[in-house]
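I have placed the structure first, in the form of structure tokens, so that the comments after it can refer back to it.
The values are calculated or read from the model by the stated rules, or taken from the named source; none is laboratory data. The structure presented is a predicted model; accordingly, all values stated were derived computationally and were not measured. So basically every Cβ, Gly included, is an ideal-geometry build from the backbone, and we count neighbours across all protein chains shown.
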Amino acid sequence: MKITLNWLKQYVDFNGSPEELAGRLTMLGLEVERLQKLAGEFEGIVVAQILTRDKVPGSDKLSVCKVNDGKGERTIICGAQNHKVGDKVALILPNYPLPLKPGETEPFVIKERKVFGITSQGMMCSPQELGLSDPVDGLLILRDDAKVGRPFAEYLGRAPGDVVYDLEVTPNRPDLNSVIGIAREIAAVTGNPLKIPEVDVRGAHAAGVSVAAARRDAVSVGEPPTDARESHALPRCEDLVRVRIEDPELCPRYVARVARGVKIGPSPDWLRSTLEKVGFRSINNVVDVTNYVMLECGQPLHAFDYRLVEGLKRSSIGASPGSTVRPFNASTPTLVIRRAQNGESFVTLDGQKRTLSAEMLLIADETRPIALAGVMGGQNTEIHEQTKDVLIESAYFKPTNIRRTSKALDLRTDASYRFERGADIGITDWASQRCAQLIVETAGGRLAEGAVEGYPNPVEPTQITLRHHKVNELLGTELKPHDIEYHLCQLGLKTLNRKPRPVDAVAAAPEPVTFRIPTFRVDLKRETDLIEEVARLHGVEKIPATPPRGAVGSNAFDAFYDQIAEARRILIGLGLNEAQGQTLISEAAAKFMTADSDAAQIVELANPLSSDMDVLRPSLIPGLLDALRHNLHHKTGDVALFEIGRVFANTGRDAATRRPDGPAGRPYHNAVVEEGRLAIALTG
């Protein structure tokens, strides 16, 4: 997930540096994989005001000025003559380059320099030096209302510099696949308010097209007569489209809106720039809006060409359960959310013909599929330059079904990525309104009144009860009840049965509190999940380190273990490397290290899996020899190895007899003795 700092600041204020924000995000559980600073136009150039102007001693043309750059005063040497005290100018700060001129390949970087013994701390710029076309002989004098210290790019309305964060979002937090979701985290930890964009589709109903344009762009399907259009009567969405959900398990909610009379074209600069910074290619104003809203709130959307969606070819029928639409005209375009038929084919937006199965969900009209639900739209209803009316889809699809469909077709999209992790069923209508409003703002047209929604079984928010004393028991903290509830309410949770209590009440409050969980937090399912949220917002670094309970105690002194540890330390200090050989070796290797008279002491396995591993090793030497042979074959002649391990021998003693060595004397089992040995092998 990529976001930009300037985009994030539209929803929450943050006054720290980009690096500080990266640290905050990391401590909240959002790993920042990469931080990239983007230089904007006129980087390092600010609005400054001239405070004083004096002649430079020894020069007829140069003047020395004191200027205010918004952070303090600077001394600037200037050769222009068209400025006076009080003027506001464009000031480039030291160590920043001037904009490149046509034909230049290397930028000219401004440095502090001495002129007639006076250090000039920057340069006041002319229009020509800034690459502007203003025919001015001298400095560029700015308007009186220019704010001192403001970036010059903002003064001109150009793109400022920005910072792109590439974040690793864990699968259990789908709400963080959106700018608003990340802004909510920052607002919760800083205490700054979260600024959710206001949505007012009423203004979009009456926006933008003249009666003549409405007549010219009108559709023939389901629209009011000419005299109604001229009287500015707005069509209702329920008269323009119908929604029928045939499988509410796979699609619990579906919202449709219609924008009419739009003009497809390039996106405005702010929209195109925002998408390109986070890796999205600009396509056109309508498609770009759907992508923008998806990144903004995490809800994938899709836009169909309304005129290409077909309706019934038979008589009218009634509305389906869960739909707000009334009986409609037979030619009204209809969206049918249904399962695909086995072997049904469909051409997606990428031009690929795909064969579907009955486990896959489709968006269809009454005659054909028009979109692969939650994954990708179809070519047969694609937005193009001649599109005049747009049908906006905002829906919730079952995550497991989208995951199976995406995997079966080997088709991964930004929409499927979000749906398969769990979208927010509660934001479906808000995202639809937001998308419709921005489409009207960027593409013109009017929005049909209302929406058509299928929501057969509304989802009730989850409720979780929290015991305050349990928070402190698990975290080892002494948080008070009001602090615990404050942290959780900052994340959008609501208390349902909280009773008033004094601010200085003890931490272990006897009454548990029930929280209503917002639909965007699909990861919160039990009490310990709430405690984890408290830990994140309180600060993991603030939780005291304590020994694990049950791990404190004493153990009997083990001299044998300490002797082995000391021997290992000495040998490593002498430059030897520790080896670990196989406990099972071949009988031939074992006999190589055993005298003929001792061959009976070799411990054989009853059911060996391999002839190379059919006995227990009587010595550590065979394993070290194998290691030396391996190194010599790889041209490594200087090798120093040691091994500390167990060897085995068949003694023929009675099983009840105890070993003379080792801690507390271990018993022999089946007349096999196990002993610890040290072996060293050197070459070179």
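Points worth noting:
- Tally of residues being over 21 Å from Tyr155 (Cα atoms), in a loop (DSSP other than H, G, I, E, B) and of a type in the set (A, V, I, L, M) across region 71-109: 1
- Qualifying residue in region 292-307 (condition: without any contact (Cβ under 8 Å) to a residue 12 or more places away in the chain and either assigned by TED's automatic domain parsing to the domain that holds Val375 or in contact with a Ser or Thr (Cβ under 6 Å, 6 or more places away or on another chain) (or both)): no
- Within region 370-383, residues that are closer than 18 Å to Ile283 by Cβ have Cβ atoms under 8 Å from residues that are of a type in the set (Lys, Arg) and modelled with pLDDT under 95 in these pairs: Asn380/Arg368, counting only partners at least 6 apart in sequence or on another chain.
- Of the criteria (1) in contact with a Ser or Thr (Cβ under 6 Å, 6 or more places away or on another chain); (2) of a type in the set (A, V, I, L, M, F, W, C); (3) surrounded by fewer than 18 Cβ atoms within 10 Å (Cβ to Cβ), which one Leu156 fails: (1)
- Hey, Ala364 hydrophobic (A, V, I, L, M, F, W, C), crowded, with 23+ Cβ neighbours inside 10 Å, touching a strand residue (DSSP E or B) at 6+ places or on another chain (Cβ under 8 Å) and free of Cβ contacts under 8 Å to residues at least 40 places away in the same chain or not: yes
- For the criterion of being surrounded by 20 or more Cβ atoms within 10 Å (Cβ to Cβ) and at negative phi, Leu372 passes.
- Of all residues in region 99-114 being aliphatic (A, V, I, L, M) and at pLDDT 90 or above, the one that is nearest to Ile50 (Cα to Cα): Ile110
- Screening Ala606, Ala599 for residues that are assigned by TED's automatic domain parsing to the domain that holds Val673, loosely packed, with under 12 Cβ neighbours inside 10 Å and either polar (S, T, N, Q) or more than 54 Å from the chain's Cα centre (by Cα) (or both) leaves exactly one candidate, Ala606.
- Restricting Arg229, Arg202, Arg272, Arg257 to those that are outside any loop (DSSP other than H, G, I, E, B), at pLDDT below 90, touching a helix residue (DSSP H, G or I) at 6+ places or on another chain (Cβ under 8 Å) and among the basic types (Lys, Arg) reduces the list to Arg229.
- Some residue of region 85-108 being within 37 Å of the chain's Cα centre (by Cα), surrounded by 12 or more Cβ atoms within 10 Å (Cβ to Cβ), of a type outside the set (Ser, Thr, Tyr) and more than 28 Å from Val56 (Cβ to Cβ): yes
- Neighbours by Cβ (under 7 Å, 6+ apart or cross-chain): first from region 634-648, over 30 Å from Ile602 (Cβ atoms); second of a type outside the set (A, V, I, L, M, F, W, C) and not in a strand (DSSP E or B): Gly637/Thr683; Gly637/Gly684; Asp638/Thr683; Asp638/Gly684
- Neighbours by Cβ (under 8 Å, 6+ apart or cross-chain): first from region 134-157, more than 24 Å from Ala39 (Cα to Cα) and in a strand (DSSP E or B); second modelled with pLDDT of 90 or more and not charged (D, E, K, R): Ile141/Asn82; Ile141/His83; Ile141/Val89
- Within region 21-45, restricting attention to residues that are of a type in the set (D, E, K, R) and over 22 Å from Val169 (Cβ atoms), the residue that is surrounded by the fewest Cβ atoms within 10 Å (Cβ to Cβ) is Glu41.
- Residue match in region 415-424 (condition: within 21 Å of Thr355 (Cβ to Cβ), surrounded by 20 or more Cβ atoms within 10 Å (Cβ to Cβ), aliphatic (A, V, I, L, M) and assigned by TED's automatic domain parsing to the domain that holds Glu310): yes
- Subset of region 414-438 (residues that are among the aliphatic types (A, V, I, L, M) and within 22 Å of Pro461 (Cβ to Cβ)): Ala423, Ile425, Ile427, Ala431
- Selection within region 475-492 - under 30 Å from the mean Cα position of the chain (by Cα) and more than 20 Å from Glu541 (Cβ to Cβ): Glu485, Cys489, Gly492
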